[in-house]
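The structure appears right after this line, and notes come after that.
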Amino acid sequence: MEVTFWGVRGSIPTPGYDTARYGGNTLCIEAAPEGCNRTLIIDAGSGIRLLGNDLASRPGRSDGPARIDLLLTHTHLDHILGLPFFRPLYNPATQVTIYGPVISAADSLKQVIGGQLSYRYFPVRQVELSAAMRYVDLKEGVVDLGDGIRVSTAYLNHPLLCMGYRIEQAGKVVCTAFDTEPFHNLFTTDPGEPGYDELMAQEGELAAREARSRLNEFFRGADLLIHDGQFTAAEYRCGRVGWGHSAIEHAVAAAEASGVRRLALVHHDPLRTDAELDELARIYGGVRADSGVEVIFAREGQSIML
């Protein structure tokens, strides 16, 4: 399986001289399974426009790939804003299945995407797309995509319901965890604070610990974990708890606890320059001495063969 990063930036596209090397497009990752004419895509940030153009120009694929499976982690704008510009959607030879978490009974995935593809926001409506399209609302569980491709799902910790994916095929495993932050005890643990309840504090700590352990098992033994690393721990503690994004140190600890072979950090802060990312890569990147986990800061256009 080959994994290619078409967008690695968080929150908003950041084109410009200071972000050219790591890239300014928001999240879009391609996973090309072995031995089948399938394209798996995780998220439809602005990077999906480049991926769509590339798919149409690949040798033998002038009419676009036969099947595309688009796995949306959630529907915040930076993760879907590139979808209307995805070239294969305008090709009648393309079959696209879009998967994503169920937000509510009143907001199916098709309705959410259809709201974006309307004349209020874009000159092409959803019903006018040429590709054959299908929507699958996901909950936690396992989906068999065929061709030996198995996708497991897990809920993450984000202000909007957000899904992590574990993709397995031909003995290779890639996991995703963006946008997410560590699970915390939501109840006060200080006996001196008003409203302190010892039982609730204990239950809250147990629930947070179990949620962290559940995610570590979800990542267990992955060849590649692609994880949110928007902040440093110091930045995260300084007013960013609850934003739904992780510190680099947390991502590294999760990878080490899960026996992951390689960790790719993504969702780079939109304020972060290439020079600043270089410095973070110098501090945190490379092979960890104790665990052997290789840590990289993902760049737009980078490919990893599993």
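Bear in mind these aren't lab numbers, they're just calculated from the coordinates by the rules spelled out. Owing to the predicted nature of the structure, the values given are computational and were not obtained by experimental measurement. For neighbour counting, all protein chains shown are included, and Cβ atoms are generated from backbone atoms with ideal geometry for every residue, glycine included.
So what's the convex hull volume per residue for the Cα atoms of the stretch 66-112, in Å³?
Hull volume normalised by residue count: 77 Å³.
Please state the relative contact order of the chain as a whole percent: Cα pairs under 8 Å, 6+ residues apart?
18 percent
Indicate, rounded to the nearest 5 percent, the antiparallel portion of the DSSP beta bridges found entirely in the chain.
Beta bridges within the chain, antiparallel portion: roughly 50 percent.
With the cut-off at 1.5 for a/c, could you classify the stretch 1-113 from its C-alpha gyration tensor as rounded, prolate or oblate?
Here the stretch 1-113 falls in the oblate category.
Largest first, please: the extent of the C-alpha atoms of the stretch 130-209 along each principal axis, to the nearest Å.
So the extents along the principal axes, rounded to whole Å, are 60, 33, 17.
Dipole size in debye (nearest 20) for the chain around its Cα centre, Lys and Arg Cβ +1, Asp and Glu Cβ -1?
I would put it at about 1140 debye.
Expressed in nm to one decimal, what extension gain is obtained for the pair residue 34 and residue 217 from 0.36 nm per residue of sequence separation less their Cα-Cα distance?
63.4 nm is the gain from fully extending residue 34 to residue 217.
So what is the 222 nm mean residue ellipticity for the chain from helices alone, if each DSSP H run of at least 4 adds -39500 (n - 2.57) and you divide by all residues, rounding to the nearest 500 deg cm²/dmol?
-6500 deg cm²/dmol
Within the chain, what's the longest run with no chymotrypsin sites (Phe, Trp or Tyr not before Pro) in a DSSP loop and at most 10 other beta-carbon atoms within 10 Å? Give the range, please.
Here the longest run is 122-306.
For the chain, find the longest principal axis of its Cα atoms and tell me its angle to the long axis of helix 248-257, 0 to 90°, nearest 10.
Roughly 90 degrees, rounded to the nearest 10.
How big is the Cα convex hull of the stretch 2-305 in projection, averaged over all directions, in nm²?
17.5 nm²
Round to the nearest 10 and give me the degree value, 0 to 90, for the angle of helix 198-219's Cα axis relative to the longest principal axis of the chain.
Relative to the chain, helix 198-219 is tipped by roughly 40 degrees.
Positive end of the charge dipole of the chain (Lys, Arg +1 and Asp, Glu -1 on Cβ, about the Cα centre): tell me which of 95, 271, 286 has its Cα farthest that way.
95
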